[in-house]
1. Given the options P127, L3, I23, identify the residue whose Cα lies farthest towards the positive end of the charge dipole of the chain (+1 on Cβ of Lys, Arg; -1 on Cβ of Asp, Glu).
2. Could you pull out every residue, at least 5 positions away or on a different chain, whose amide H is within less than 5 Å of the one on V123? Hs are placed 1.01 Å off N in the peptide plane, and Pro or chain starts have none.
3. Please give the per residue volume of the convex hull enclosing the alpha carbon atoms of region 119-173, rounded to a whole number of Å³.
4. Take every DSSP beta bridge with both residues inside region 5-213 and express the antiparallel ones as a percent of the total, to the nearest 5.
5. State, as an integer percentage, the relative contact order of the chain based on alpha-carbon contacts under 8 Å between residues 6 or more apart.
6. What share of Cα pairs, in percent, lie more than 21 angstrom apart in the chain?
7. Residue-wise, which Karplus ³J(HN,Hα) couplings in Hz belong to region 9-23, taking 6.51 cos²θ - 1.76 cosθ + 1.60, θ = phi - 60°, and x for glycine or proline?
8. Would you mind ranking K179, K34 so that the residue whose beta carbon has the fewest other beta carbons within 10 Å leads the list?
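Please treat every number below as a calculation from the coordinates, not as lab data. What you see is a predicted model, and the numbers here were worked out from it, not measured in a lab. Backbone-built Cβ (ideal geometry, glycine too); neighbour counts: all protein chains shown.
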Amino acid sequence: MPLTFDDLLIRARALARGDRRAILGIAGSPGAGKTTLAQMLVRELNAGAEPWVAHVPMDGFHLADVELDRLGLGDRKGAPDTFDAAGYAALLRRLRAEDEEDGAIVYAPGFERVLEQPIAAAVPVPPTARLVVTEGNYLLLDTGAWVRVRQQLDEVWFCELDEQERIRRLVARHERFGKEHDEAVTWVRGTDQRNADLVTATRDRADLVVPTRALERRQAVS
């Protein structure tokens, strides 16, 4: 039988059994629907109860543009070496350890799409969160500090979308946040596609492949 969104909810709930906080990773190429899936899971799992699921995107660990310019990486923004992967791994380890004094909130960085910049301490993770959903392109990468990222995740799901639709959505996203059409297409076909090819090569390392049609069916019913 085809995978359904209800199947995903059941599997996500099962990760949080016991006393230990669990961390679910959602990987996939740019524009594949990772954020949509993460937000839907968090919303549905928290519905009708005290919030116990938190969403911590990887995008908060983008290097700021000023640092990318200093490193000469401005035209590679979004590639693995334009993120603070070690910092991301350290945050995930901290979230898993739950060793904050007095049940303190852990603050994670967020990412402002309009500015295209990371924002410090934008995402609160309360001590009541028993499941953290984190999403990003490179959760399954097996090089550098990304290896330490994977070690902190209970499961990683790979979000998969038809390639033509993924590209269409990605171009539309870039246009929505300020790029002209031709500029958006050039970026998607160049930098974004190189990153997408790298991410696609990690698909077989995922615990579960999630076709986005499972989400579309749920959205049509909602």
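1. Checked the options; the winner is L3.
2. Amide H neighbours of V123: A108, G110.
3. Per-residue hull volume (Cα only) is 155 Å³.
4. 30 percent
5. 33 percent
6. 55 percent
7. 4, 4, 5, 5, 4, 5, 5, 8, 6, x, 8, 8, 5, 10, 10
8. Ranking K179, K34 by Cβ neighbours within 10 Å, fewest first, gives K179, K34.
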